[in-house]
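Worksheet for the structure shown next.
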Amino acid sequence: THEGGLADAPPKPAEDNKLRPKKIAEMVGQQDVIERLRIAIDAARRRGEPLGHILFDGPPGLGKTTFATVIPNEMETVVQFANGAGLKAPKDLIPYLTNVSEGSVLFIDEIHRLPSSVEEYLYTAMEDFRIDIVLGEGVSARTLNLDLRPFTMIGATTRAGMLSGPLRDRFQIREHLGFYSVVDLCEIVCRNAKKLNIGISVDAATEVAQRSRGVPRIANNRLLWIRDYAQSKANGTIDLQVAQRAMDMIAVDSLGLDKQDRAYLQTLVRVFAGGPAGLEAIAHTMNCSSDTLEDEVEPFLLRYELIVRTRRGRMATPKAYEHLKTAS
Ligand code: ATP
């Protein structure tokens, strides 16, 4: 269904790629991060060396993959995409590492999900551009020594705290991506409406920005839904009323919370009397995974001071009670 799911599910790949910036200059917000990266890129290019390894952390949808796309473009090199969850054994790394060309980029998303056996191989790969892999077992075991071409690793994680010290230390550049301001999101929405060939008024774009929880991916998803709504239910352009009606229809409230966010607050308030309640207990009650709650729901609720994390568990704030009263 369109409900809830639509609001936060990644957009269809074709549209995601269409909206994704290709150059640093096309990116909006994260100015301090961008400024530091420009310097590192410029210096590496002057030296004719690969860029140092970079780690991005922050909640989903804030631009980690976008950075992993624009940085190789600026370095005029290619990038391979891998996911930590898919690299289960050291041998899974080999195709990627043998494929790296000099100065190219290897992007590993969800790098905190690498098993430690794989992680350990990255230490020498990143530091000395070399790996020694034992293949097979017992008498048929043999060691494969591989010299790699110097490359740049870009790691992305929603959980910087879950990375082991030795892995974290091998990234020369570490950047945290924070939530976007309404002004920046509004700019992203306006640019993307243009890319999608649809008219949008400034007040409508601001409304979308205000209801996107500080996350560009969510803003894009809202925009795609509102475009459909405008084309099907209105004259094809997005004004404030169209934007509001379309977002009301997918139950996105004035703060940008969707059904899942409100269900979290309601569970905490009704079932656990406002807390403190453990994350696992909340997740069980809501019948969803604690990872989803911790990565996608809680960061905004914390930032917006709707919940607090205490040693004994999560607690709803007076602001949460106030919001639930007006939102229901
Ligand atoms: P995940 O880690 O969950 O994959 P992510 O942090 O990698 O998420 P992206 O896929 O890079 O997030 O970003 C989602 C979408 O948001 C992109 O397709 C792009 O259109 C938009 N976006 C992200 N950051 C920016 C930015 N700084 N300027 C403009 N658009 C952006």
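Results, tabulated for the structure shown:
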item: Single condition residue 84 does not satisfy, out of (1) more than 16 Å from the ligand (Cβ to nearest atom); (2) of a type in the set (Gly, Ala, Ser); (3) in contact with a Leu (Cβ under 7 Å, 6 or more places away or on another chain); result: (1)
item: Unique residue being without any contact (Cβ under 8 Å) to a residue 12 or more places away in the chain and either open to solvent by less than 50 Å² (accessible area, probe 1.4 Å) or of a type outside the set (A, V, I, L, M) (or both) when the list is 178, 161; result: 161
item: Single match in 221, 197, 192 (criterion: open to solvent by less than 30 Å² (accessible area, probe 1.4 Å) and out of contact with any Lys or Arg (no Cβ under 9 Å at 6 or more places or on another chain)); result: 221
item: Single condition residue 254 does not satisfy, out of (1) within 12 Å of the ligand (Cβ to nearest atom); (2) in contact with a Lys or Arg (Cβ under 8 Å, 6 or more places away or on another chain); (3) more than 24 Å from residue 18 (Cβ to Cβ); result: (1)
item: Within region 110-122, tally of residues that are part of a helix (DSSP H, G or I) and more than 16 Å from the ligand (Cβ to nearest atom); result: 7
item: Breaking point among (1) under 29 Å from residue 183 (Cα atoms); (2) within 16 Å of the ligand (Cβ to nearest atom), for residue 106; result: (1)
item: Which listed residue, of 157, 69, 152, 65, is more than 16 Å from the ligand (Cβ to nearest atom) and hydroxyl-bearing (Ser, Thr, Tyr); result: 152
item: Single condition residue 273 does not satisfy, out of (1) open to solvent by 30 Å² or more (accessible area, probe 1.4 Å); (2) on the phi > 0 side of the Ramachandran plot; (3) in contact with a helix residue (DSSP H, G or I) (Cβ under 8 Å, 6 or more places away or on another chain); result: (3)
item: Residue within region 256-270 that is more than 25 Å from residue 29 (Cβ to Cβ), touching a helix residue (DSSP H, G or I) at 6+ places or on another chain (Cβ under 6 Å) and open to solvent by 60 Å² or more (accessible area, probe 1.4 Å) present; result: no
item: Criterion violated by residue 79 - all others in (1) within 16 Å of the ligand (Cβ to nearest atom); (2) farther than 30 Å from residue 220 by Cα satisfied; result: (2)
item: Residue in region 172-195 that is closer than 18 Å to residue 53 by Cα and among the acidic types (Asp, Glu) present; result: yes
item: Qualifying residue in region 75-86 (condition: among the acidic types (Asp, Glu) and in contact (Cβ under 8 Å) with a residue 40 or more places away in the chain); result: no
item: Near pairs, Cβ below 6 angstrom, 6+ apart or cross-chain, from region 217-243 (free of Cβ contacts under 8 Å to residues at least 60 places away in the same chain and under 30 Å from residue 65 (Cα atoms)) to any residue that is of a type in the set (S, T, N, Q) and within 14 Å of the ligand (Cβ to nearest atom); result: 219/212; 223/192
item: Residues of region 304-328 that turn out to be touching a Lys or Arg at 6+ places or on another chain (Cβ under 7 Å) and small (Gly, Ala, Ser), as a count; result: 1
item: Which numbered condition residue 125 misses (of (1) crowded, with 19+ Cβ neighbours inside 10 Å; (2) within 24 Å of the chain's Cα centre (by Cα)); result: (2)
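Yes or no, residue by residue, for (1) without any contact (Cβ under 8 Å) to a residue 40 or more places away in the chain; (2) β-branched (Val, Ile, Thr):
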{"residue": "266", "(1), (2)": "no, no"}
{"residue": "269", "(1), (2)": "no, yes"}
{"residue": "274", "(1), (2)": "no, no"}
{"residue": "278", "(1), (2)": "yes, no"}
{"residue": "287", "(1), (2)": "yes, no"}
{"residue": "295", "(1), (2)": "no, no"}
{"residue": "299", "(1), (2)": "no, no"}
{"residue": "308", "(1), (2)": "yes, yes"}
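The values are calculated or read from the model by the stated rules, or taken from the named source; none is laboratory data. Computed from a prediction, not measured in an experiment: that's the story for all the values here. Quick reminder, even Gly has a Cβ in these numbers, built from the backbone with ideal geometry, and neighbours come from all protein chains shown. Ligands, DNA and RNA are excluded from the accessible area calculation, which covers all protein heavy atoms including side chains. Shrake-Rupley method; radii C 1.70, N 1.55, O 1.52, S 1.80 Å.
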